[in-house]
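No value in this document is a laboratory result; all are computed from the given coordinates. Just so you know, these numbers come straight off a predicted model, no measurement behind them. Using ideal geometry, Cβ is built from the backbone for each residue, glycine included, and neighbour counts are taken over all protein chains shown.
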Amino acid sequence: MSSNAPISARTGSGWEGVEVTSYKNEPGTWMHVTRQVLFSSDASQFEVRFFEVAPGGYTSYERHQHEHCVLILSGRGRVRIGDTWSEICAETLVRIHSGTPHQFAADDGFQLGILCIVDRQRDVPELLGNESPAEALN
């Protein structure tokens with residue numbers, strides 16, 4: 001559920017007045033990630049979501065047909081696009097093209113804050129495995 005308030009400030013534990021939910025229901029495909037839907041409206045074509053990845057945590061390795069834009073708001077980590085890992089930090093913009101496998105991981109010692117802008121109506125992601133980023137890099 002997103003906030004109906006016209007303004008929501010980021011606090012130390014997320015965004016003021018916005019429910020924090022689990023990232024996904026598939027155990028073993030991700031670790032230490034929460035999600036908040038900051039904006040979603042039947043009158044809009046897009047949705048804005050905030051993901052927080054705890055130090056050493058990671059999102060699922062997945063692909064889907066919708067493209068989306070991801071802005072790193074805080075922290076430091078890595079993004080896997082296809083088979084390539086790249087370093088990311090605050091104020092990095094990542095574009096995920098349609099059908100491109102991807103995964104985000106927070107570096108040890110850094111909480112990674114990710115703002116994701118995506119189509120409100122979108123396809124369901126295809127999970128591509130459950131290895132941790134540490135296993136994928138070896």
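Can you classify region 64-122 as rounded, prolate or oblate using the Cα gyration tensor, where a ≥ b ≥ c are the square roots of its eigenvalues, rounded means a/c under 1.5, and otherwise it's prolate if a/b beats b/c and oblate if not?
Because a/c hits 1.5 or more and a/b fails to exceed b/c, region 64-122 counts as oblate.
Give me the one-decimal nm value for the distance between modelled label points at Ile117 and Glu67, 7 Å along each residue's Cα-to-Cβ direction.
Once both label points are built, they end up 1.3 nm from each other.
May I ask you to derive the FRET efficiency for Ser44 and Asp83 from their Cβ-Cβ distance with R0 = 35 Å, giving the value to the nearest 0.05?
Computed FRET efficiency for Ser44 and Asp83: 0.55.
Rounded to the nearest 0.05, what FRET efficiency is calculated for Leu128 and Ala54 with R0 set to 30 Å and r the Cβ-Cβ distance?
0.85
Computed FRET efficiency, Cβ-Cβ of Ile7 and Thr92, R0 22 Å: what is it to the nearest 0.05?
0.30
Name the residue from Thr34, Val124, Thr59 whose Cα lies farthest towards the positive end of the charge dipole of the chain, charges +1 on Cβ of Lys and Arg and -1 on Cβ of Asp and Glu.
The residue sitting farthest along the positive end of the dipole is Thr34.
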